[in-house]
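Bear in mind these aren't lab numbers, they're just calculated from the coordinates by the rules spelled out. Being a predicted model, the structure only gives us computed values, none of them experimental. Glycine gets a Cβ as well: all are built from the backbone with ideal geometry, and neighbour counts include every protein chain shown.
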Amino acid sequence: MSLKKKLIVLNTTIMLGLGSAFAIPSVKAESITDIQSQRTGIQSDISEAEQVIQQLKKEQSKMNAQIAQIESAMKENDQKIKDTEQEIKDTEKDIESLKKEIKALEERIAKREEVLKERALSFQESGGDVEYLEVVLGSKSFGEFVNRVGAVATIVEADQQILSEQEADKADLEKKQATVEKKLQSLKDMEVELKGMQSQIEDQKAETVNMKAKIEKKESETEALKQSLENKDAGLEAQIASIRENIKKEEERKASEKADLDRAAEEVNSSNASSEESSSSSSEESSSSSKGEASAKSSSKAESSSNLSKNSSAAKPAASKTETSSKPSSANTGSAITAGYKYIGNSTYKFGGGRTASDIANGLFDCSGFVAWAYKQAGVNLPASTDALKGAGRQVSSSQKQPGDLVFFNTYKTDGHVGIYVGGGKFIGSQSSTGVAIANMDSGYWASKFNGRVVRVN
């Protein structure tokens, strides 16, 4: 029986030793903290990527709005071109009519000239070279005298009427010719203006579409980066879950081993107690030996419990760090600049606009009309054409421009567009694609069109 007890104690010791050997998980719990730290950094990057995407979406929405405005301006300009083309056709008809009238006038003048020539020839053949007094005094009787006076008066009066009509027709001819030439020149200027404006709008649309494409590309790249980060984060999360599952299984295994050891110890104690009760004839030495063995078993059990407690403590994962996500100049010029702010976003470019009360009330301006109107609100009268505005003050260097200065751009022609500088590389003006708006002249379309001309209003 003593040998059997020794074998049980030895077996228990071996099992405790094996349990101690398996107490350290294959992947330490401390690695969870490191992985969680990596996740925190990745989640911070994901948050930043989301902020970038949101900003890009806002910019894209702004680009879409600008493109819609440009397309609206192009549509209106197309209609204006069609109306102008129709007006040109109507005017050409008027011109043809005027040409016919001119031809008729020329024919009438030519006929009068023939009449005058015939009268002069007839008068000469009938003594027309004789002076008026000689014709009258040469009468043989009073009746002939009266007749001669009447004839001369009639001839003179008729000639005067013909000459008067001739002069009137010539004046009318010159007037109509001038009208035709003026209308033709006006139509040519309008045609150049409209075609230039259409070209300018198309350039702005191309620039805006290009910017939108760049934003879309950047958004796509950021979305891909965000997806990659999310995939990496999901992988780390799965890795943590796997480690925790392994730790849980290890703890369950050790708990099972501890239960087996406890049952084995109980069986030994039970067997030992039964043996002592049935063997009353055993010697004092045997009894003492049994007590020693029981004591050893008890000590071994205590040691086993202590080791299990330590192993269980070692197997518990360290407290993970709390996850965080990073959370992410003068009075006149000032008045001229701010006068147009009320029209930003609710105005339309109109060729020749801004010169009537109706246009102003409805926010209809062209570039020079807007500049003239804005300065008028500040008590300064300026001309309403880009060519005239170039001489409305003194020219200064581009590097010295100040808020309130007039800035010029080469669009469809030299100095084809004008606006008011507001500072910070921006100007306010009535653009064909947006109506009254603040635009950037340091980059993009307007930077390429700015010609360096800056005029400071006196």
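Report note on the peptides 194-205, 247-258: ranked by the mean count of other C-beta atoms within 10 Å, highest first, their order is 194-205, 247-258.
At q = 0.11, 0.16, 0.21, 0.23 Å⁻¹, what is the log10 ratio I(q)/I(0) for region 357-458, with the Debye formula run over Cα points and no solvent? The computed values of log10 I(q)/I(0) come out as -0.28, -0.61, -1.09, -1.33. Using alpha-carbon positions, what is the distance between the centroids of region 76-108 and region 48-65, in Å? Using only Cα atoms, the two centres lie 52 Å from each other. Each part reduced to its alpha carbon centroid, region 340-414 and region 181-243 end up 29 Å apart.
Return the subset of LYS80/LYS205; LYS89/LYS183; LYS195/LYS342; LYS57/LYS226; LYS100/LYS183; LYS62/LYS82 for which the Cα-Cα distance in this structure is over 20 Å, preserving the input order. Write down the numbers at each step before the final one.
Numbers: LYS80/LYS205 18 Å; LYS89/LYS183 12 Å; LYS195/LYS342 30 Å; LYS57/LYS226 15 Å; LYS100/LYS183 17 Å; LYS62/LYS82 30 Å.
Beyond 20 Å: LYS195/LYS342; LYS62/LYS82.
Derived scalar couplings between HN and Hα for region 261-270 equal 5, 4, 5, 5, 5, 5, 4, 5, 5, 5 Hz in order, rounded to whole Hz, by the Karplus curve 6.51 cos²θ - 1.76 cosθ + 1.60 (θ = phi - 60°), x for Gly and Pro.
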